[in-house]
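To start, the structure under review is shown below, and the notes come after it.
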Amino acid sequence: MNKILIANRGEIALRVMRSCREMGIKTVAVFSEADRNSPHVKYADEAVCIGPPASSQSYLDGKKIIEVSKKLGVDGIHPGYGFLSENANFANMVKEAGLTFIGPSAESMNIMGDKLSAKAAAKRYNIPMVPGTDGAIDDIEVAKKTAIEVGFPILVKASAGGGGKGMRIVERVEDFEEQMKLAVSEAISAFGNGAVFIERYVAGPRHIEIQVLGDTHGNIVYLFERECSVQRRHQKVIEEAPSSVLTPEIRKAMGECAVNVAKACDYIGAGTVEFLLDENKNFYFLEMNTRLQVEHPVTEQITGLDLVKEQINVARGEKLSFTQDDLKIKGHSIEVRVYAEDPLNNFLPDIGTLHTYKTPQGLGIRVDDGFEEGMQIPIYYDPMIAKLITFGKDREEARLRMIRAINDYHISGVETTLPFCNFVMQHEAFISGNFDTHFVKHYFKPDSLKPVMTEEENEIAAIAASIAMADFKNDKVVAEATHENSSWKHNRKSYMKV
Ligand code: MV4
């Protein structure tokens, strides 16, 4: 493989190109009119504008992307995440054009893209799943019986949904029929597929996912887990590896299940198997994501592997160069997602210009971003500015390093989720590791971001006030503490508990 086209933008396009460059592979960027000055365009060996800003006319235009690939003599296409990455039709078109899709087969994507067929495939390997219906509900009375058997509350899920889309909680049997019908009509309008199924509702679960990697010779390994429970409305905010709750035994059991799920769809390349973990540490298979995920860097940090290199090696038919026994977890890694969203205003996207943009530096810090100072954040795409990743010898070192890195990250011009991430890093539940998918709902209020004064600071403030008062009484001119000369500025801005 001599030339790869990256069918994506932003940080992930850059991240893929870096690995290509290390491998001596030429890169082609595609870009929309909104991304003409983006770093991923400048970094690539060649770059082609493929259309207007709207994704449907650029990054989602598979035909155009294949056309460009053929014209420029591209061998393989890397889809990144989002956009065309899980589109089986696109994977097929790429193959039919005689090019290599750097990812799994269209067949694997089709099986895992539909939750019911994913569960059916996993069932052949005895993978633990949440009790519920096996197939789509066609008889409402039969379904109601199953719901009563598994016990309320239950969840109605759309088979074509995923990532939290098309889910509905039903608390009481009396509501079952009505909620069912609503779920079906929602699924038809959202996905054009009304198939729904039910599962027992697991109340306070952790979301743990396993990274897998398969080659074309039948070898599949697991690259351990990522803990992704800190999320807001199904949008992950903080991820880490390893999880602080898995024992080596559970880790091995989950890893082997994940490998079997991958086997169940003849998986090739990098994929992620999602599980729920309940309070008693029982785990249940949820779904499989057939792409490289946003949070893959934490896995790279703890395994020492470059997942994009592995994807490319596998795509060109090479055998995995290691076995399961060669893999060890080394250290701990945390990722926070830096979004141009205002945590004080219900996380509303806050697009604008990055007037100041200075990234943190130093040992154990990695920033995967796709912007430069002075750039506009376009309104057309996901508002993620960057992923900030830290690595340490253990969880506490990674956590303290993250707080330091957040405080060394200087962004002005747009509001970001950095203060929110700092809040999480310093929250007792996060520090203890004892939290579930309801973390944000349970603990976060916009007031949580108000600067915290320590007892010592309060005392200093009181002393300063009394000195000022005494000076005032003595008619002295009191130097004014301004925003510019205040030595507290840094602490106030960084929301640090010192
Ligand atoms: C569940 C669940 C509880 N019980 N299934 C949400 C994303 C999708 N992959 C499945 N999801 C869930 N499925 C049962 N039977 C709770 C969730 C869930 C969740 C899962 C992972 C991460 C965050 C979540 C937030 C709310 C609900």
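Testing the spin-label approximation: label points 7 Å from Cα along Cα→Cβ at Ala465 and Gln57. State their distance in nm. Label-label distance for Ala465 and Gln57, simple model: 5.9 nm. Under Stokes-Einstein, with the Kirkwood radius over Cα pairs as Rh, the value for the chain at 4 °C and 1.567 mPa s is 53 µm²/s. Calculated mean residue ellipticity at 222 nm for the chain: -10000 deg cm²/dmol, from DSSP H runs with n ≥ 4 weighted as -39500 (n - 2.57), summed, divided by the residue count and rounded to 500.
Taking each residue as 0.36 nm, the span from Arg233 to Ile351 lengthens on full extension beyond its C-alpha to C-alpha distance by 40.5 nm.
Which value, to two decimals, describes the C-alpha radius of gyration of the stretch 391-460 once divided by 2.2 N^0.38 Å?
Computed over Cα atoms of the stretch 391-460, the ratio equals 1.24.
Semi-axes of the equivalent ellipsoid for the stretch 3-102, computed as √(5λ) from the eigenvalues of its C-alpha gyration tensor and ordered from largest down, come to 17, 16, 12 Å. In this structure Leu276 has an accessible area near 30 Å², from a 1.4 Å probe over the protein heavy atoms. Put a dot 7 Å past the Cα of Tyr443, heading toward its Cβ, do the same for Gln426, and the two dots end up 1.3 nm apart.
Using R0 = 35 Å, the C-beta based FRET efficiency linking Asn2 and Lys165 works out to 0.35. Counting Cα-Cα pairs of the stretch 206-449 in 10 Å increments starting at 0 gives whole-percent bin shares of 7, 31, 34, 21, 6, 0. Distance between the C-alpha centres of the stretch 258-294 and the stretch 1-49: 29 Å, rounded to the whole angstrom.
Lys330 contributes about 140 Å² of solvent-accessible surface, heavy atoms of the protein only, 1.4 Å probe.
Against the chain, whose longest principal axis comes from its Cα atoms, helix 140-150 is set at around 60 degrees.
Largest first, the three principal axis extents of the alpha carbons in the stretch 309-367 are 48, 28, 23 Å in whole numbers.
For the chain, averaging the sequence separation of C-alpha pairs within contact (under 8 Å, six or more residues apart) and dividing by the residue count gives a relative contact order of 13 percent.
So how much slack lies between Tyr125 and Glu397, counting 0.36 nm per residue of separation and subtracting their Cα-Cα distance, in nm?
Value of the extension gain: 94.0 nm.
For the stretch 131-200, the calculated P(r), taken from all Cα-Cα distances in 10 Å bins from zero up to the bin holding the longest distance, is 24, 60, 16 percent.
Just to confirm, what accessible area per residue do you get for the chain at 1.4 Å probe, in whole Å²?
On the way: 22370 Å² over 498 residues.
For the chain, the solvent-accessible area averages 45 Å² per residue.
At R0 = 22 Å, how high is the FRET efficiency between Lys330 and Asn282 if r is their beta carbon distance? Nearest 0.05 is fine. With a Förster radius of 22 Å, E is 0.20.
About its Cα centre, the dipole of the chain is roughly 820 debye, where the only charges are +1 on Lys and Arg Cβ and -1 on Asp and Glu Cβ.
For the set Lys328/Lys441; Lys42/Lys319; Lys281/Lys441, the pairs lying more than 27 angstrom apart at their alpha carbons are Lys328/Lys441; Lys42/Lys319.
Taking other residues whose beta carbon is less than 15 angstrom from the beta carbon of Glu171, and scoring Lys, Arg as +1 and Asp, Glu as -1, yields -1.
Can you tell me the relative contact order of the stretch 17-62? Whole percent, Cα pairs under 8 Å, sequence separation 6 or more. Could you put the intermediate results ahead of the total?
On the way: 63 pairs, mean separation 16.3, N = 46.
This gives 36 percent for the stretch 17-62.
Evaluated at q = 0.10, 0.17, 0.18, 0.19 Å⁻¹, a Debye calculation over the C-alpha positions of the stretch 291-389 (equal weights, vacuum) places log10 I(q)/I(0) at -0.40, -0.91, -0.97, -1.03.
Two numbers describe the Cα atoms of the stretch 68-110: Rg and Dmax, which are 9.9, 29 Å. For the chain, the antiparallel share of DSSP beta bridges with both residues in that region comes to about 80%.
The values are calculated or read from the model by the stated rules, or taken from the named source; none is laboratory data. Keep in mind the model is a prediction, meaning the values are calculated, not measured. When we count neighbours, we look across all protein chains shown, and the Cβ atoms used for this are built from the backbone with ideal geometry, even at glycine. Note: accessible area is taken over every heavy atom of the protein model, side chains too, but ligands, DNA and RNA are not part of it. Shrake-Rupley method; radii C 1.70, N 1.55, O 1.52, S 1.80 Å.
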